[in-house]
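The values are calculated or read from the model by the stated rules, or taken from the named source; none is laboratory data. Predicted model only: the values in this text are computed from it and were never measured. Methodologically, a virtual Cβ is constructed for each residue, glycine included, from the backbone with ideal geometry; neighbour enumeration extends over all protein chains shown.
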């Protein structure tokens, strides 16, 4: 392909990716007796799909999302009490256009992080801006940015993205400065941007994160306005996998003769 006579011209037009499918589409055009316009349309469709995939890969790398945790990889059969229709509806990302929030709580290992990540990936597919972090890591990044004089820039990215995902809310104790940062994020995004929050704590315990009743009341009032609350239960996925590994080791597959 590096010696293809069209390569210099395609490079000049920033269309060198067309070479990836040029021969395939040429054979298809001959075999199906496509018109020149139909042949060109196929090449352009390939190029558009290639650019969409490149753009998605870039947004994914910048978002902090895990590309492996998608809806296709979520085991809904292990969570029979989960409203799958609601998850499908949330995955359409209409809630983002309405500036609604999703709050997920439940024991460790029940799939909260996976589901929140999967919904975020669906948002990325729709060319929406996503910022995803464990809460304590985000607040640490803001503290580091403050020391480097980059606080306003980092905070603006958090405030102005279309979807903010905060994982492990309430997992670690927060400093007074971190609590103020968290409150500012929640207040500034109120009715202007969607948030997904996951937590191992029961929702009734969330006010303890703020260590201030007035601040907690104001923050949670904003969070719970226009929100979808999901409570996940059941065995830990990780524990289930460990049990499967133990059983597999106890009952190894016999070698065939």
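Of everything in the stretch 102-116, what is within 18 Å of residue 64 (Cβ to Cβ) and either touching a strand residue (DSSP E or B) at 6+ places or on another chain (Cβ under 7 Å) or part of a loop (DSSP other than H, G, I, E, B) (or both)? Give them in sequence order.
102, 104, 112, 113, 115, 116
Looking at (1) without any contact (Cβ under 8 Å) to a residue 40 or more places away in the chain; (2) within 18 Å of the chain's Cα centre (by Cα); (3) not assigned by TED's automatic domain parsing to the domain that holds residue 189, can you tell me which one residue 55 breaks?
Failed condition: (1).
Given the options 237, 255, name the one that is at pLDDT below 90 and closer than 20 Å to residue 120 by Cβ.
237
Report those strands (runs of 3 or more DSSP E) wholly inside the stretch 145-234 carrying at least 1 residues which are surrounded by fewer than 20 Cβ atoms within 10 Å (Cβ to Cβ) and in the same structural domain as residue 91 (by TED's automatic domain parsing).
Of the strands (runs of 3 or more DSSP E) lying wholly inside the stretch 145-234, those with at least 1 residues that are surrounded by fewer than 20 Cβ atoms within 10 Å (Cβ to Cβ) and in the same structural domain as residue 91 (by TED's automatic domain parsing) span 227-231.
Can you tell me which condition residue 105 does not meet? The list is (1) crowded, with 19+ Cβ neighbours inside 10 Å; (2) modelled with pLDDT under 95; (3) under 25 Å from residue 57 (Cα atoms), and all the others hold.
(3)
Could you grab me the full set of residues in the stretch 74-94 that are out of contact with any helix residue (DSSP H, G or I) (no Cβ under 8 Å at 6 or more places or on another chain) and within 13 Å of residue 123 (Cβ to Cβ)?
Answer for the stretch 74-94, where residues must be out of contact with any helix residue (DSSP H, G or I) (no Cβ under 8 Å at 6 or more places or on another chain) and within 13 Å of residue 123 (Cβ to Cβ): just 94.
Would you confirm, using the coordinates I've provided, whether residue 62 is closer than 30 Å to residue 209 by Cα and surrounded by fewer than 19 Cβ atoms within 10 Å (Cβ to Cβ)?
yes
Need the failing condition index for residue 65 against (1) in contact with a strand residue (DSSP E or B) (Cβ under 6 Å, 6 or more places away or on another chain); (2) in a helix (DSSP H, G or I), just the number.
The number of the failed condition is (2).
Does residue 135 satisfy the condition of being more than 22 Å from residue 236 (Cβ to Cβ), in the same structural domain as residue 93 (by TED's automatic domain parsing) and buried (at least 21 other Cβ atoms within 10 Å of the Cβ)?
Judged against the criteria, residue 135 is not a match.
Rundown of residues vs (1) crowded, with 20+ Cβ neighbours inside 10 Å; (2) within 25 Å of residue 49 (Cβ to Cβ); (3) not assigned by TED's automatic domain parsing to the domain that holds residue 231, yes/no style:
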{"site": "76", "(1), (2), (3)": "no, no, no"}
{"site": "79", "(1), (2), (3)": "yes, no, no"}
{"site": "88", "(1), (2), (3)": "no, yes, no"}
{"site": "91", "(1), (2), (3)": "no, yes, no"}
{"site": "96", "(1), (2), (3)": "yes, yes, no"}
{"site": "110", "(1), (2), (3)": "yes, no, no"}
{"site": "140", "(1), (2), (3)": "no, no, no"}
